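Here the structure is laid out as structure tokens; the discussion comes afterwards.
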Amino acid sequence: MRLFKAAAVVCAGLFATPALATDMVVVKAGRLVDVVGERVLQNQLILIEGKRITAVGPEAAVSYPAGAPLIDLSDYTVLPGFIDTHTHVTSDPTISFYDYYHVSVGREAVLGVMNARRSLLAGFTVLRNVGATGYSDVGLRDGIERGDVMGPRVFASGPLIGITGGHCDENNLAPEYNHSAEGVADGVDAVRKMVRRHIKYGADLIKYCGTGGVFSKGDEPGAPQYTFEEAKAIVDEAHFMGRTVAVHAHGAEGIKIAIRAGADSIEHASLVDDEGIRMAVRAGTVFSMDIYNTDYTQAEGAKNGTPEEYLKKDRDIAEIQRENFRKALKAGVTMSFGTDAGVYPNGDNAKQFAVMVRYGMTPMQAIVAATRTGAKLLKVEKDYGAIETGRLADIIAVKGDPLTDVTVLERMKFVMREGRVYRGAAEQCKAAPSAWPCEPAD
């Protein structure tokens, strides 16, 4: 009798409906953009357990327990969460040039909290932040990961590293103030020490300024600002410590110095020449070219108190940069999606998609730049950049077809980060609620 009862229990276990995992959710995608295969798949199911995707496939091929919460995105185009590889999430362009002298590190961190929320709700689930005062971006990153505030996954550089009097110094004060920006370092030994200091205080990556810039006094965007020996010391030290290196570089010579030094990405690349493009292709150096933000700067800059010197430099190089984007793309340079958010309002990042398409990319290429390529640059392909089994469930959705009208990506309807919904219709939010109030879809 005891043996019979034991057998009955075993058989019951074999045929019973599996217990529903409390952290399981199913997403039904009408159209799913597969950025690895660069194609659109129809009627797919995405099975999520906890923070990660455990299955993706046609409805007939993916099974799940009865009663599992279902998020129905049958009428949407579903994509991986976007990655912006050039942001200043603790900055706000509507604060005037003069008033920025009153912005403390603490105030900057508060701006970061506001902008992180805006970025996430716009579908950007990962940001590479490339410059913030006082390690405020490191603090923001840690606050998001601990759950103190909501936002994307932030990869933080801390303060910019630059030469005395260069783009990343503070050049607007009289000599008697004897003030330099916190990331200023001159000479091989000094730049090595500065890299070590940044890593000590939590930097995920290193950003240095290899040329002059637009939003700085008294320098020219085309002029190089670190010698090869200094640049090589920065890159070698960062790589030795397991960090990647992003280089602010508008000018052709500074770009080539950075590529020779082994930098992982060139930011802006506005005045790159043919040799620099060939070098980038051979080395596999990524270009992160911010070709939208001049529209905002020229329309709103004067109103925001941006000095005319800066506005003129922006006007002088804007179209050159956009045409060099077209040239670099055609030559085969790897292009990520980097916008310089903070020069324009954070949260409007998706406005760059249309400009990238206007200057030569297909909509699919632009989407790949903002997903798969960004994840590869950050060396986090196992977690981000595609909707695949094993990756984190960073999933977004829009109405319409972004492959025929890329501007629909500016109107985000659904945002999930790590399996939790932050934006969507009421029933979508309820299926996988986050710790924060869910933003209703427009």
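At a glance:
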quantity: The range 27-75: GluC sites (Glu not before Pro) in DSSP loop, at most 14 other beta carbons within 10 Å; calculated: Glu38
quantity: Whole-number Å³ per residue for the convex hull built on Cα positions in the range 295-442; calculated: 145
quantity: The chain: antiparallel DSSP beta bridges as a percent of all, rounded to 5; calculated: 45
quantity: CD proxy at 222 nm, helix term only [per DSSP H run n ≥ 4: -39500 (n - 2.57); per residue of the chain; nearest 500]; calculated: -10000 deg cm²/dmol
quantity: Counting DSSP beta bridges with both ends in the range 343-442, the antiparallel % (nearest 5); calculated: 65
quantity: Two-site label geometry, Glu145 and His239: point separation in nm, points 7 Å out along Cα→Cβ; calculated: 2.5
quantity: Added length on full extension, which subtracts the Cα-Cα distance from 0.36 nm per residue, Asn304 to Val36; calculated: 92.4 nm
quantity: Spacing of the two label points (7 Å from each Cα toward its C-beta) at Asp442 and Ala174, in nm; calculated: 4.9
quantity: Å² per residue, accessible surface of the chain at 1.4 Å; calculated: 42
quantity: Over the chain, relative contact order from alpha-carbon pairs under 8 Å, at least 6 apart, %; calculated: 18
quantity: Arg326 paired with Lys217, simple spin-label distance in nm, labels 7 Å along Cα-to-beta-carbon; calculated: 3.7
quantity: Sequence-separation-based contact order of the range 139-225, relative, with Cα cut under 8 Å and 6+ spacing, percent; calculated: 31
quantity: Full-stretch length increase - Ala68, Asp189 - with 0.36 nm per residue and alpha-carbon distance subtracted; calculated: 37.7 nm
quantity: Nonlocal amide H pairs with Phe155, under 5 Å, H built at 1.01 Å; calculated: Leu127, Arg128, Asn129
quantity: Linear extension gain, Ala435 paired with Arg52, 0.36 nm per residue minus alpha-carbon span; calculated: 136.1 nm
quantity: The chain, accessible surface, carbon-and-sulfur percent (1.4 angstrom probe); calculated: 54
quantity: Percent antiparallel among DSSP beta bridges (both partners in the range 27-148, rounded to 5); calculated: 60
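The values are calculated or read from the model by the stated rules, or taken from the named source; none is laboratory data. Note that the structure is predicted; figures quoted are calculated from it, not measured. Note that we place each Cβ from the backbone using ideal geometry, even for glycine, and neighbour counts take in every protein chain shown. These accessible areas exclude ligands, DNA and RNA; they are computed on the full protein's heavy atoms, side chains included. Shrake-Rupley method; radii C 1.70, N 1.55, O 1.52, S 1.80 Å.
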